[in-house]
1. How much mean residue ellipticity at 222 nm does the chain get from its helices, if each DSSP H run of length 4 or more adds -39500 (n - 2.57) and you divide by all residues, to the nearest 500 deg cm²/dmol?
2. For helix 50-65, what angle does its Cα long axis make with the longest principal axis of the chain, in degrees from 0 to 90 and rounded to 10?
3. Could you please rank 56, 7, placing first whichever residue has the fewest other Cβ atoms within 10 Å of its Cβ?
4. Run the Debye formula on the Cα coordinates of region 9-65, all scatterers equal and no solvent, and tell me log10 I(q)/I(0) at q = 0.29 1/Å.
5. Can you tell me the length gained on complete extension of the stretch residue 3 to residue 33, counting 0.36 nm per residue apart and subtracting the Cα distance?
6. If you take the beta carbon distance between residue 50 and residue 26 as r and set R0 to 30 Å, what does 1/(1 + (r/R0)^6) give as a FRET efficiency, to the nearest 0.05?
7. Mind sorting 52, 3 by how few other Cβ atoms lie within 10 Å of their own Cβ, fewest first?
């Protein structure tokens, strides 16, 4: 797969690419905020401790590295 940021672009094309990248960044930021709220809600609903959350954080790295 080609990394679009390493290609040669006209000024108009690079502005379109940057616009797309900013939109993607904002969408991911919104997704992250929703995920954070969901995590906090579940922690509260299931009365999980900080130790429980730490255990989940540690286990999550297995999925990141996968």
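Computed from the coordinates by the stated procedures, all read-outs in this text should not be read as laboratory data. Only a predicted model underlies this, so the values are computations on that prediction, with no experimental measurement involved. Cβ: placed from backbone, ideal geometry, glycine included. Neighbour counts: every protein chain shown.
1. Value at 222 nm, helices only, nearest 500: -27500 deg cm²/dmol.
2. Tilt relative to the chain: about 40 degrees.
3. 7, 56
4. Computed log10 I(q)/I(0) values: -1.08.
5. 8.1 nm
6. It comes out at approximately 0.45.
7. Fewest to most other Cβ atoms nearby, the residues stand as 3, 52.
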